[in-house]
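Worksheet for the structure shown next.
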Amino acid sequence: MDTIHSPAWSRIATLTFASLLLFSLVSCGGGGGADTGPTGFDISGTVADGYLSGATVCLDINTNKICDNSEPSGITDQGGRYTLNLRNFNDLYRYPVLVEVTTATVDQDSGLAVSKPYKLTAPPGRQDFISPLTTLVQGLSERNPSLSTDDASQLLMDAIGFVPDVNVSLFDDYVQSNGPHAERLHKIAQVIAAALGQEFANISYTLEPRNQMGTSIDAASSMKSIYGLVTSDIYDRLETAVTAIDSATSSIDVASIADSVIASHSSADIATEILLREAVSTKSQTIDLDAQHAEGLVSFFPTLSSSEVQANRNPLMGYKVEKKTFGSEKVLSTSYYLDNSQSQFVPSSLLPQYLRMSPDGWVLGPVEGHYDAASRTYINYIVDAFDGKPHEVSRYTLSGNATDLGGLRIVDVLKFSDLLFKGSSYAQTWINQVTNRNANATFSASGKSRLVNLNGVLLARRYVLSCGEACFGSTGINHVRLLNGMIATQFDDLVQPTPGNSTSLTSLQASSHGQVVGATSAPNGHVLAFLMELVGQGNNGTVYLYQYDYTENTMTLLSSSEPWERKTVNHEEVLEINLPDDPAFRSRTQITSGDKLIYSVYHGVLYSGASIPPGTRSTEPVLTYSAFEDVLTAIGR
């Protein structure tokens with residue numbers, strides 16, 4: 001677990017004073033019965049894309065994503081407000097609140113009726129403000145049941161560009177808020193709402209002709225699975241939409257940006273994925289992480305070996321357990337590649353190596369791991385290529401859940417499971433192999449073939465350097481090249497006493513030690529580059545950030561207030577650069593790794609990298625080694 005995303009903070013639902021008073025009066029009463037809480041309990045909240053009036057709100061007790069007649073329900077007023085009368089106070093924290101937005105619903109942003117129906121929801125106990133953002137949070141929680149609401153919220157925060165610990169919540173009312181991020185969150189919510197409506201419509205339309213042919217799949221009975229499919233599609237593509245929103249120089253084209261997060265599904269794909277989701281949802285369970293690590297876990301990642309790529313191979317990586325002489329059981333990286341000459345996957349002798357900071361300084365080697373059952377902590381370490389000793393490079397708390405894949409078609413799980421490979425071009429080589437060799441192969445019913453979701457929280461700040469091909473013993477080195485054409489070899493090469501001439505790119509190149517730190521395409525088709533200069537002397541100074549528009553050949557100063565500093569970290573000199581605490585800047589520049597950029601010298605070469613703060617979270621889907629062996633058997637290995 002060497003890649004991970006952002007932290008969460010705790011927040012509880014706000015109840016009215018009257019509600020709290022009622023609860024306290026009933027709770028203080030005596031009696032020997034079960035603690036079911038008060039009955040006849042009112043809760044209230046607000047629903048928005050913009051405020052939505054005329055929408056049906058209910059407590060989704062059977063979690064089928066439909067407001068049934070037997071469930072407490074109400075209708076939103078012109079301010080998007082609703083009230084529900086619950087039979088039992090504790091139901092508030094057991095079940096999500098669901099909103100059915102129909103063509104009779106009016107969006108107060110426009111004053112017009114909604115054109116395409118969709119569903120909104122919020123996690124149990126978080127009903128105060130329900131929006132497209134809370135809908136994706138609940139979708140993430142249902143997609144990975146071992147995630148807490150706050151964990152899921154922070155994963156979404158990370159996807160839309162918020163750095164850890166920024167003072168904003170996805171459960172706050174962005175319509176009435178005067179906060180610095182409210183307008184941006186409102187725009188993102190508008191795009192998500194449009195995408196929800198369009199994709200729900202697309203799926204319902206696609207399924208309809210199959211219904212006429214007698215399929216058992218229909219939108220009503222499978223609404224929970226359709227909701228999961230839609231929210232997963234939108235979350236997986238959201239960063240593209242957020243970049244378009246942040247790059248817009250005026251008002252945004254909501255429908256056009258929403259199109260970028262809507263997935264295209266054939267009727268066969270939808271039916272298969274819905275059936276798979278329904279099969280998987282009945283098999284999810286908490287797991288014994290000790291046992292899973294003892295057996296071994298597999299994750300599909302590309303290796304970066306140019307020699308294997310040049311040999312017309314598509315390298316992929318897996319993990320398995322081996323014994324090491326210097327410790328107890330460790331998880332050791334083992335990579336596999338598709339050898340076209342043999343038409344099969346074979347083990348690779350080359351393992352990706354990484355530059356990471358340890359308590360003893362920078363170390364180079366494959367990242368391996370050890371799960372400590374007593375502390376439920378996962379420790380990443382590197383056996384250094386130079387001293388041959390293991391060095392700890394990161395530590396996470398770890399939790400997880402698993403799904404028994406027994407009896408499910410391998411190709412369906414690889415192709416459709418959003419928990420695993422959705423959107424990964426590297427998984428496609430595996431999918432193609434299984435499809436071509438044994439499309440009907442299934443995972444074994446041994447109980448050991450599982451899909452495991454690992455959730456980690458980083459316990460201490462992590463420092464990483466990007467060494468490119470140099471990490472693989474190649475002659476190529478990941479040089480830090482400056483705007484003026486010079487290759488930086490030391491810290492002093494990066495710093496200049498005064499800002500360069502920023503009247504044009506040519507003048508800045510001639511006068512600056514700066515470099516390109518990000519690039520993107522704007523919604524208007526313009527190509528943008530983001531340039532950085534470090535101005536100052538000695539051990540600290542100021543960061544100047546510029547945006548260069550290649551299309552218009554214009555230069556704009558974005559920021560000149562963030563600091564940089566040279567410091568010693570674990571015996572190593574590190575130049576650390578603060579980035580603007582602005583999610584729009586981060587998404588627009590595609591600078592999303594960590595909260596600080598860093599530079600450091602390793603064996604005479606200056607490398608760039610990132611500093612990643614404690615509390616950063618991740619969720620990583622993996623297969624048990626037994627499940628991976630089922631995949632290898634299916635392709636004839």
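The values are calculated or read from the model by the stated rules, or taken from the named source; none is laboratory data. As the structure is a prediction and not an experimental result, all values here were calculated from the model. For neighbour counting, all protein chains shown are included, and Cβ atoms are generated from backbone atoms with ideal geometry for every residue, glycine included. When the accessible area is computed, the model is the full protein with side chains, heavy atoms only, and any ligands, DNA or RNA have been set aside. Shrake-Rupley method; radii C 1.70, N 1.55, O 1.52, S 1.80 Å.
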So which residues in region 115-131 are open to solvent by less than 20 Å² (accessible area, probe 1.4 Å) and either touching a residue at least 60 places away in the same chain (Cβ under 8 Å) or touching a Phe, Trp or Tyr at 6+ places or on another chain (Cβ under 8 Å) (or both)?
Tyr118, Leu120, Thr121, Ala122, Gly125, Gln127, Phe129, Ile130, Ser131
Name every residue in region 166-188 that is outside any loop (DSSP other than H, G, I, E, B) and in contact with a Leu (Cβ under 6 Å, 6 or more places away or on another chain), in order of residue number.
none
Of all residues in region 519-573 being open to solvent by less than 70 Å² (accessible area, probe 1.4 Å) and acidic (Asp, Glu), the one that is farthest from Tyr602 (Cα to Cα):
Asp549
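Would you mind stating whether Ser110 is under 24 Å from Val452 (Cα atoms), open to solvent by 10 Å² or more (accessible area, probe 1.4 Å) and not charged (D, E, K, R)?
When the stated conditions are applied, Ser110 does not pass them.
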Scope region 115-142; condition among the polar types (S, T, N, Q) and closer than 16 Å to Gln190 by Cα; matching residues:
Ser115, Thr121, Ser131, Thr134, Thr135
Pairs returned, first residue in region 151-177 that is open to solvent by 20 Å² or more (accessible area, probe 1.4 Å), second residue that is among the aromatic types (Phe, Trp, Tyr) and modelled with pLDDT of 90 or more, beta-carbon separation under 7 angstrom, 6 or more apart or interchain, are Asp172/Phe129; Asp173/Phe129; Val175/Tyr51
Among the residues of region 503-511, is there at least one that is in contact with a strand residue (DSSP E or B) (Cβ under 8 Å, 6 or more places away or on another chain), farther than 25 Å from Leu606 by Cβ and at pLDDT 85 or above?
yes
Can you name every residue in region 499-518 that is open to solvent by less than 30 Å² (accessible area, probe 1.4 Å) and in contact (Cβ under 8 Å) with a residue 24 or more places away in the chain?
Gly500, Leu505, Leu508, Ser512, Gly514, Gln515, Gly518
In the list Ser394, Ser444, Ser358, which residue meets the criterion of being over 30 Å from Ile234 (Cα atoms), modelled with pLDDT of 80 or more and out of contact with any strand residue (DSSP E or B) (no Cβ under 9 Å at 6 or more places or on another chain)?
Ser444
Scanning region 220-247 for residues that are outside any helix (DSSP H, G or I) and open to solvent by 30 Å² or more (accessible area, probe 1.4 Å), the one farthest from Phe200 (Cα to Cα) turns out to be Ser221
Test set (1) surrounded by fewer than 18 Cβ atoms within 10 Å (Cβ to Cβ); (2) modelled with pLDDT under 70; (3) more than 19 Å from Gly400 (Cβ to Cβ) - Asp290 fails condition number
(3)
Which one is farthest from Thr403 (Cα to Cα) among residues in region 427-464 that are open to solvent by less than 10 Å² (accessible area, probe 1.4 Å) and of a type in the set (Phe, Trp, Tyr)?
Trp430
Would you check if Tyr118 is under 26 Å from Thr397 (Cα atoms) and more than 21 Å from the chain's Cα centre (by Cα)?
no
Residue list for region 355-366, restricted to those being among the aliphatic types (A, V, I, L, M) and either more than 28 Å from Lys567 (Cβ to Cβ) or surrounded by 21 or more Cβ atoms within 10 Å (Cβ to Cβ) (or both):
Leu355, Met357, Val363
Checked region 69-89 for anything closer than 17 Å to Thr121 by Cβ and open to solvent by less than 20 Å² (accessible area, probe 1.4 Å); matches are Glu71, Pro72, Gly74, Thr76, Gly80, Tyr82, Leu84, Leu86
Residues located in region 54-68, provided they are crowded, with 17+ Cβ neighbours inside 10 Å, in a loop (DSSP other than H, G, I, E, B) and β-branched (Val, Ile, Thr)
Ile61, Ile66
